[in-house]
Amino acid sequence: MDESTLASTADRDRVVARLAEAHVDGRLSVDELDELTGRAHAARTLADLEVVTTGLPRLPTPVDAGGGAVVASPGPYSGGQIAGMTALTIVVPMGRLIGLVTALSLMRGEQLPERRRMLRTWATVCAVLLTIEVIAILVFVVGL
């Protein structure tokens, strides 16, 4: 990596995502996350971004046949994850609301179109079920 190479918006976004993951893993406090995220957004070069991630574990970088780095795509959601979230949506009280919020938050960071479509469908189903549930409560309990 040429350290004088200017950083792109995508480079900054990757570093911010990595910082957020480090926070979730317990490696960074909220204050550290806030400070480092600001520094990542202000970074001018790739070297500046490298300084922001100092102390974080290195991420493995797959290499293609031409020697350039390729972005690793996360694996598909497992059947267990999908079944678990579906069960949560259907069985748990307020599961429709939890499913809606979860689907929307996962969709926010998702890059792959197929997964975004799947999450959008899940969010739509949760929203429809939640609406039906609220209407049923209003009609049968409140008597509107």
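The values are calculated or read from the model by the stated rules, or taken from the named source; none is laboratory data. This structure is a prediction, so every number in the text was calculated from the model and none was measured. A quick note on method: Cβ atoms are made from the backbone with ideal geometry, for glycine too, and the neighbour counts reach across all protein chains shown. Note: areas computed on protein heavy atoms with side chains; ligands, DNA, RNA excluded. Shrake-Rupley method; radii C 1.70, N 1.55, O 1.52, S 1.80 Å.
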Suppose we filter 40, 65, 72, 83 for residues that are small (Gly, Ala, Ser), open to solvent by 70 Å² or more (accessible area, probe 1.4 Å) and either at pLDDT below 70 or under 19 Å from the mean Cα position of the chain (by Cα) (or both); which single one remains? 65
Neighbours by Cβ (under 7 Å, 6+ apart or cross-chain): first from the range 127-144, modelled with pLDDT of 85 or more; second open to solvent by 90 Å² or more (accessible area, probe 1.4 Å) and among the hydroxyl-bearing types (Ser, Thr, Tyr): none
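Residue-by-condition table, conditions (1) free of Cβ contacts under 8 Å to residues at least 40 places away in the same chain; (2) in a helix (DSSP H, G or I); (3) of a type outside the set (Gly, Ala, Ser); (4) touching a strand residue (DSSP E or B) at 6+ places or on another chain (Cβ under 9 Å):
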{"site": "4", "(1), (2), (3), (4)": "no, no, no, yes"}
{"site": "10", "(1), (2), (3), (4)": "yes, yes, no, no"}
{"site": "13", "(1), (2), (3), (4)": "yes, yes, yes, no"}
{"site": "16", "(1), (2), (3), (4)": "yes, yes, yes, no"}
{"site": "26", "(1), (2), (3), (4)": "yes, no, no, no"}
{"site": "31", "(1), (2), (3), (4)": "yes, yes, yes, no"}
{"site": "37", "(1), (2), (3), (4)": "yes, yes, yes, no"}
{"site": "41", "(1), (2), (3), (4)": "yes, yes, yes, no"}
Taking into account only those residues within the range 114-128 that are open to solvent by 40 Å² or more (accessible area, probe 1.4 Å) and among the charged types (D, E, K, R), which is farthest from residue 92 (Cα to Cα)? 114
